Amino acid sequence: MGRSRRTLPEELLLLALDPTTGTTAQPQSLDLGLAGAQLVELALAGRIAPDGDRIAVVVPRPTGDPTLDCALELLRRRGAPVRAVHWIGGPRLGLRQTYLSHLERCGMVHAVAGQMCGVLPTTRYQATDTEISREIRTRLDSAIRTGVPPDPRTAALAALAHAVGLGKHLYPGNEGRSSRSRLRDLIRHDPMGGLVAHAVMDVQNGVAAQPRRSPAPAGRQAPAGGRGAPEPARGVPAQPHRGSMARAAAH
């Protein structure tokens, strides 16, 4: 994989970076989104593919990107397809910082040291090449504004941005409501991005994917107090029923 193209985790992180405060919006859910973005990037590179609600390694050859290759190797070691929701909900300690440090090395952001309450050291990150961030945002805005089906990379970026809650950061207030709705609807344009985005949202909601249960015979009602599957985004087929609890790790 050439380094002429930014990876999806890098683009998602740049979208989330607030140019005023130097902090990332939705930091906890963003960590989950970065893990999901790695899956989509590996799929775009032809290394993995969806297998129902699972992820299967189809070509274990390294991509040349150390962070992606680490994820690919971990998936390969599983030996069998892994549920996307279990992968994304697993521990990803330091993933956001890994990508921030990478962007700093590439010259796309620079670190600004500071202090919280005059005691605790903090680090903010300011974009150094705002043209890159504008280009990413323009692609997203264009897909929302025109209604033309976007390319798979942009569709997946939109799906992940919606899943981690960046809609209100990118399109705030009542005037951004329709844009947030269209951002959500773009989830249907990329199957892998949709699978991963739903998995990110499931982890945040505290549910882990389970195999779809056989439908109840006609005339029988679901048990009292049972919980249905979450409502999918418009235009997206309903996902398998999720029932067991999973814990999203803090990063």
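Each reported figure results from applying straightforward, stated rules to the coordinates on display, with no laboratory input. None of the values given here were measured: they were computed from a predicted structure. Methodologically, a virtual Cβ is constructed for each residue, glycine included, from the backbone with ideal geometry; neighbour enumeration extends over all protein chains shown.
Under a 5 Å amide H cut-off, with hydrogens placed 1.01 Å from N, residue 51 pairs with 56 among residues at least 5 apart or on other chains.
Decide, for the range 70-196, between rounded, prolate and oblate: order the square roots of the alpha carbon gyration tensor eigenvalues as a ≥ b ≥ c, take rounded if a/c falls under 1.5, and otherwise choose prolate if a/b is larger than b/c, else oblate. Display every interim value, and only then the final one.
Working: a/c = 1.84, a/b = 1.09, b/c = 1.68.
Verdict is oblate for the range 70-196.
Dipole check for the range 115-164: with +1 at the C-beta of Lys and Arg, -1 at the C-beta of Asp and Glu, and the Cα centre as origin, the magnitude is about 100 Debye. In plain terms, the chain from residue 205 to residue 119 could stretch by 27.5 nm, reckoned as 0.36 nm per residue minus the Cα-Cα distance. Segment residue 175..residue 61, full-extension length gain: 36.4 nm, with 0.36 nm per residue of separation and the alpha-carbon distance subtracted.
Estimated at 0.36 nm per residue, the fully extended path between residue 20 and residue 106 surpasses their Cα-Cα distance by 28.9 nm.
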